[in-house]
Amino acid sequence: MQAAPSLFLSHRLDALVDLFVEQLANAPLQSQIVLVPNGLIKQWLFIEVAKRRTIAMGLKLLTIREAIPLLFGERETTAFSPNFLEMFCLLYTELTNSKDPDLLSYLGTSQKRLYDLAEQLSSLFFLYGQFGKDLLSPGREAKTWQESILETLFIKGKWRLPAQLESKPSSGQFHCFGIDFLSPLFWQQLFRCSSLSVYLFSPCQEFWEDLQTDRDRKRINRYWKKRGASSSRIEELDAYLREGPPLLLNWGKLGRATLKVFYEKDLQIEEGYPDLKGSTLLKMVQGDLLYFQTQKEIRRLPDGDESIRVSMTGSSRLREVEVLRDSILILVHERKASFSEISILAPDIELYAPLIEFVFSDPKCSIPYRIFGLDIGPQSSYLQGISRLVNLGLGRWDSEDVLALFENSSFSRKQKWTGDDFERFREWVEKARVRWGIDPLHRRKVLEEIFGDKDSLIDEGSWEQGIDRLLNFLVFLFEEDSPLQINSTELEQFIALFQGLQNDLKEMQTPRALSEWALFLETIAAKYLSVDLSDEADQAGIQSFRQFLQELRRADSRLEQKSFPFALIQRLFLRPCANQIHASHLHAVRVAPLDEGAALPARAVFLIGMDEESFPKGDAPSSLDLLRGNGEFIPGNLEKGRYLFLQALFAAQEFFWVSYGHLSADEGKAVGPSLVLQELLSYIKSSFSLREDIVKSYPSLSFDVRCFREKKPCYSKGDWDAAKALYGPKRKLSFWPDLSACPPLELPEGEITVSISDLTLLSRHPWKFYLQKVHSIYLDAEVEDLFFLQKARLVRAALKGSLEKVLLDSKETFRGVFGDALRLEVEKSASEWSARLHEWGIKELRSLSFLENCLESPPLEIVWEDRLKVRLVGEVKNVGDKGLVFLNEDNIGGALKVWPEILIAGLARKSPLVFSMKSGKSRILENLEESLRAYLEYYFRCLKTPSPLLPDWADSFLRKGAEDLEKKIQGALSGRNRLEDPVVDWVLARSELSSAEKMIDAWAPYLKGAFGSLLSLYPTRAAKGEAHAAV
C-alpha cells in the first residue's frame, strides 16, 4: 500500500538531519535509498547520520542521475538511457553522418566545431529529457536537423530519455535530502514510490509560495494594464505582491517553484524550525526572512557587531585570500572558533584553489583545509601524465611537449629518473636543435594539412635529424659546436624510449571501438606511468581513470562496437572530474564551490568572489535550445545563484562574511558587488542603524602600513616583517653619504679626460651616476616599449632624414589600429617639428663629435689657469647651425637633463641660442664657458657625494624651497606622485633621506650659483616684473 509522501521543512540542514534520523529509527531493518544532489552533501550526510546513530548502516546514497534506473523502467536489452559519454558519442555519429546543408556549412572540416557542437547538444538533450516531453512524442514531425536527430536516436531508435521511459511504482523507502529543484517529471515519478520522504530547505515558516520577484511583479502589472484593468486595481495588486520581505521575494523563486509542486499533492508536512537566538545583525536578517517580517522602523544594533561583514579587497584574488586568512585566524584566536566550524564558498573554486593552497600552507600561519568539487586532473601527476601522452600522440611531437612528458613526475618515476637525468635530456634536445616532427615525412604531412600542397617545405628540426646529430656528437668532435659528453648506454636508452613512444602512440591514428581504446589507454598508462599511492591527488586520479575506462567498456556494448577517432576519447577524458583535496582532514576549514548542497551549516560562512562579474553568472541564450519560450519554469544561473546565496545566509550560525575584488585586474576600474550582495546591503541600510560600516576596504598590499593601524594582532609574520622593512627605521647604505652636507670642491690637477656621456648621466640622474661611476652598481630596469616612446624615436629619426625612409627602415610595427595610430602621430609630429626648424632657420640636425687624437674633431678643452685642463670627448646629438635643439619639456627640469650638452653645443657653434622643440621657443644663454666650468666643478663634487638635484626636484632646489621639496619627498616615500624610478625606489628603500630643510640649507646656495645661467633661462614672475620695470 502506498503511503502519503512526507515533507519535512526547515531553514537549517542540521535540523533536517535530526528529522531524517527519526524517520530511519521507525524502520531500522529496512534498506533506505537516499537521493542527494551531489557527492559533497552525500559525504556530509553520511557523517552526520553516523554522529547521531553511532553507525550508518542500510543507507544507499545516490545522485539523481544514478537513481534513474530505479525510478524509471529502463530495459537493459531493448531501451537504454544514455549517460554523458554515450550521448556525446551518439551525437558525434549523427552529426558526422548528417546531410543537412546548413549543418554541413557550419561544421565545414573543423573537428573542433564538431566536438563543441556535440558537447553543447548533449547538455540540451538531457534538458529535453526532463522538460521536453512534447519534443519526444512519436507523432511529432521533425522540422529541423536537431529534431531529426531526436527522432533517429530517441523515437525510432533504442535510446530513451527520462521523459520517454515507462513509469513504474518503485518499492522501498525513498528519501530526498537537500535537493532544491527537480523537473515535474521526476517529482511525479518520486510520488509513485511506495514510501517517500522529502527533506527540503525552506527559508520561511509562513506561507510564502505566492510571492513574486520584482521582475515578475512588474510583468504581471504590465499584463493587467494591457488587459484594461483600472489603475486602482493595479495599485492594489501591486501592493499585495509587494508584501513580504524583499529579499525573500527576489531570492526565493526557485524554492517557491518546488513548494508549489508539493502543495498540489496530499502530503504529510512536518516543520522543524529551531528558534533564532541572539540579537546580532545576522540573526535579525534571518529572522525577518524566517518569520515573514517587514518591519518599517529602523532597528539599532549593539556596538561591535561583526556578524555580517563585507570586504573589498582590491584587484587581486591573492589579496582576497590573504584577507580571508587573516579573518579566519581572528575568529579562531579571538572568538575561539575551531577550523572545522568554518566554511568557505566560491562561485568558481578552480580560480581560488591554488591561491588557498599557497596562502593557507604558510608554515608561519598555516590553516588546515579541505577542498571539495575541484577538478582533480590538474592536481594529479598521473592524470597529467596520461594527458601529455595523449597530446603528444595527436600533436606535432613538439620538443617542448616531449620534454613536458619527461618532466612529469609520474613518467619520470616509472623510468626511475632523477632530476639530473631530465636536465641532461633537455640539453641533448637543445644541442640537437630539435623543434618538432618525428621525421621529415611527418613534418611534411603536418604542414600540408595546415597549408595545403607545397613543393618546398623545410625539413630541418625533426626528431630523426636530432637523434642523428646526437649520434654524430657521440662519434665525432665538432669544433663549431659545444661538445657534449654523451654516454652511449644512456643515449641508447633514450633512443629506445623515444622509439617505443613513437610506435605505441601511432596507434591513435586509426579509429577503434571504445573498449579497444580503453585497453589502449590502460596499456600505455601501465607501461609509461607510475602512481604515487602516497599522494592523495594521484589516488583520486587513478580511481577517476579506472571509472572512465569502465564507462568506455560499458558504452561499447550499448553502442554496438562502433569505431571512433581517438580525438573524441581525448575530449571526453579531458572533461573536468570533481574530487577532493585533503579529504582526510576532518578538523579543517571546508572549501567548496557555491553549488547545490554546498551551503552546509557552519559557525562562520565566508563567501569569496562575490563581484558583479562573477556571481551570479548570467545565462547566454542558445539559438539551439528548442525549449525557449515554452513557458515552463527552467531555473537558470540567476535563479540558482540567488537561492544559493539565500541558503548560505541561513547556513551561517554566527558569522556571514563576504568578500570581492572591487577593482578590475587589468585597468584598476571600479567593480561593483554582486547584485544579490547589493540587495542585502540595501536592505540592511534601510532597516538598521549601524554605528560602524559593515563594508570595509582593504589596501592592495598585505604589508601596507594601514593594515597595522587597527588594534588587532597580525598573524602573518611575513607581512609584519615586510611592513617593518618598508616603513620601519631603515639601515643606511654604508656607501650612501648623508645628503645634508654639500662636499667641498677638490679639483684634480693636470690633464684629465671626461666623457660627455658621464656629464649627461649626471644631469639626467645624479643618483644613478653615483651608483655606476663611483660604486659600479648597475640596476636592471626593463623599460616598457610604450606608445609615446616608439613615437619619440621615430620623430627624432625623421628630423635627420626622409620620413618615408624612416618608417620603411623602422623596426616598429604599423599593423592594426595601434599601428595606424602610431603612423599618424609620427607624421603629424614630424611635420610640426620640421616646420619649427624651418622657422628657426635650421636646415638639419647633426651630431657633434669630440674625439681623442683626431685633428678634424678634437676634444673640447676647458682650462683652470695652469692648474687643470679638462678634455671633453664624446658626442652631442640634435645640434643645428645655431645651437642645440632639445626635445624635453621646456622647464628647469627638462633643460637640466641636457644642460651639459646645451653648453657644449653652444661653445662649439659659438652661438648662445638654445631651442625647445616642445614649446617652439628659443632662448639666449649667458656665460657659456663659465657655466660649463661651473658644471664640471659640480661633476667633481658629485664624485664624492651624490647630488640631490634630481630633475623632478630641480625647481624646489633652485627656486621654490624646502616646503615644496618636502611634498615631493613624501609623495615619493608614500607611493603618491611616485617618480616611477627604480633607482630612486632602490635608494629610498635602503637609506633614510635627510629632511628637506637640511638639504635645501646645505645645497641650494651652491646650486643656485652653479646653475645661474639655467635659472636665467626661466625667470620667475617677480624677476620678469623687475626686468619690465627696468625697461
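None of the figures in this text is laboratory data; all of them are computed from the coordinates on show. Being a predicted model, the structure only gives us computed values, none of them experimental. Positions of Cβ are generated from backbone atoms using ideal geometry, with glycine treated the same way; all protein chains shown enter the neighbour counts.
Between GLU427 and GLU839, take the C-beta separation as r, use R0 = 60 Å, and let me know the FRET efficiency to the nearest 0.05.
It comes out at approximately 0.45.
Per the Cauchy relation, a quarter of the hull surface: what is the mean projected area of the convex hull of the alpha carbons in the range 381-576, in nm²? The partial results should precede the final answer.
Working: hull surface 51.7 nm².
For the range 381-576, the mean projected area of the Cα convex hull comes to 12.9 nm².
How high is the FRET efficiency between ARG871 and GLN970 when r is their beta carbon distance and R₀ equals 45 Å, given to the nearest 0.05?
So the FRET efficiency works out to roughly 0.60.
Just order 853-865, 376-388 by mean Cβ neighbour count inside 10 Å, highest at the front, would you?
Highest to lowest by the protection proxy: 376-388, 853-865.
Between SER697 and TRP417, how high is the FRET efficiency from 1/(1 + (r/R0)^6) when r is the Cβ-Cβ distance and R₀ = 56 Å? Nearest 0.05.
0.65
So how do 111-117, 698-704 stack up, highest first, on mean other-Cβ count within 10 Å?
The densest-packed peptide leads the list: 698-704, 111-117.
Taking LYS998 as the anchor, which lysines have their alpha carbon closer than 18 Å to its alpha carbon, excluding any fewer than eight residues away along the same chain?
Cross-link targets: LYS732, LYS960, LYS967, LYS968, LYS1008.
Which of the lysines could be linked to LYS133 by a straight reach, that is with a Cα gap under 16 Å, when you skip same-chain ones fewer than 8 residues away?
Within the straight-line limit of under 16 Å, LYS133 reaches these lysines: LYS156.
Rg and Dmax of the chain, using alpha carbons, in Å: what are they?
38.5, 125
Which helices count as membrane-span-like in the chain under these terms: full DSSP H, at least 24 Å along the axis by C-alpha, Kyte-Doolittle mean of -1.0 or more?
Details: long enough: 111-131 (30 Å, -0.06); 317-334 (25 Å, 0.29); 488-505 (25 Å, 0.04); 536-558 (34 Å, -1.08); 816-840 (36 Å, -0.42).
Taking the DSSP H segments of the chain (at least 24 Å long, mean hydropathy at least -1.0), we get 111-131, 317-334, 488-505, 816-840.
Positive end of the charge dipole of the chain (Lys, Arg +1 and Asp, Glu -1 on Cβ, about the Cα centre): tell me which of MET999, GLY108, ILE684 has its Cα farthest that way.
ILE684
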